[in-house]
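Bear in mind these aren't lab numbers, they're just calculated from the coordinates by the rules spelled out. Please read these numbers as outputs of a predicted model, since none were measured by experiment. Glycine gets a Cβ as well: all are built from the backbone with ideal geometry, and neighbour counts include every protein chain shown.
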Amino acid sequence: MKENRAKEEALVIKAQKRMSIGTAYFYTNQIICFEFDDDIFTGIAEVKELANTAKELTGGVVPVLSLVVTGQRNNISTEAFAFDVHKELGIKQITIAEAVVIKNLATRIMANFYYKVTKREFPVKVFDTKEEAIKWLLSNNFTEQ
């Protein structure tokens, strides 16, 4: 437990960038974090911006732990949700695991259901708080899976 707390407290920002829909942070422990503003709509243009920002901050080929922190009343288009940024933009980013923080209960329930029926190539888990999400990302040794 102490070890996890020490890791959590050791989050140091290596790079960051303000985007049209929020802010991206890349931490020294290989966590890429996207914190979305409130009341935003994400379409294909925004998904491309997210992917290009991740590529810029990480160099594009670094295996990362992904942390997504949604804002209040955020929405994403069906087209954007299905858009394959890796294929369409030639991005070779490797996601090891993803933690998603959703503040709205109804959206969190839908997301949990979605991730159960739509399998990803990496573990994904939904959380109530950023602290819980970071703890999960840092407490699992995903790189050896």
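Tally Lys/Arg at +1 and Asp/Glu at -1 over every other residue whose Cβ is under 12 Å from the Cβ of VAL47; what's the total?
Taking every Cβ under 12 Å from that of VAL47, the sum is -4.
For the stretch 104-145 and the stretch 24-90, compute the distance between their C-alpha centroids and round to whole Å.
When both Cα centres are located, 15 Å separates them.
If you take every DSSP beta bridge fully contained in the chain, what fraction is antiparallel? Give it as a percent rounded to 5.
In the chain, approximately 35 percent of DSSP beta bridges are antiparallel ones.
Could you work out the mean projected area of the convex hull around the alpha carbons of the chain, in square nanometres to one decimal?
On the way: hull surface 33.8 nm².
Spelled out: convex hull of the Cα atoms, projected over all directions, averaged, 8.5 nm².
Taking springs between alpha-carbon atoms closer than 10 angstrom, which of VAL117, VAL100, VAL85 fluctuates most in the Gaussian network model of the chain?
Sorting by GNM fluctuation, first place goes to VAL117.
For LEU11 and ARG73, what is the calculated FRET efficiency with R₀ set at 25 Å and r taken between the beta-carbons, to the nearest 0.05?
With R0 = 25 Å, the Cβ-Cβ based efficiency is 0.40.
Within 10 Å of each residue's Cβ, count the other Cβ atoms and sort TYR115, TYR27 from fewest upward.
Numbers: TYR115 16, TYR27 20.
Fewest to most other Cβ atoms nearby, the residues stand as TYR115, TYR27.
Is any residue of the stretch 59-92 close enough, with backbone N under 16 Å, to a label point placed 7 angstrom from the Cα of VAL117 along the Cα-Cβ axis, and if so, which?
Once the point is set 7 Å along Cα→Cβ of VAL117, 78, 82 turn out to lie under 16 Å by backbone N, inside the stretch 59-92.
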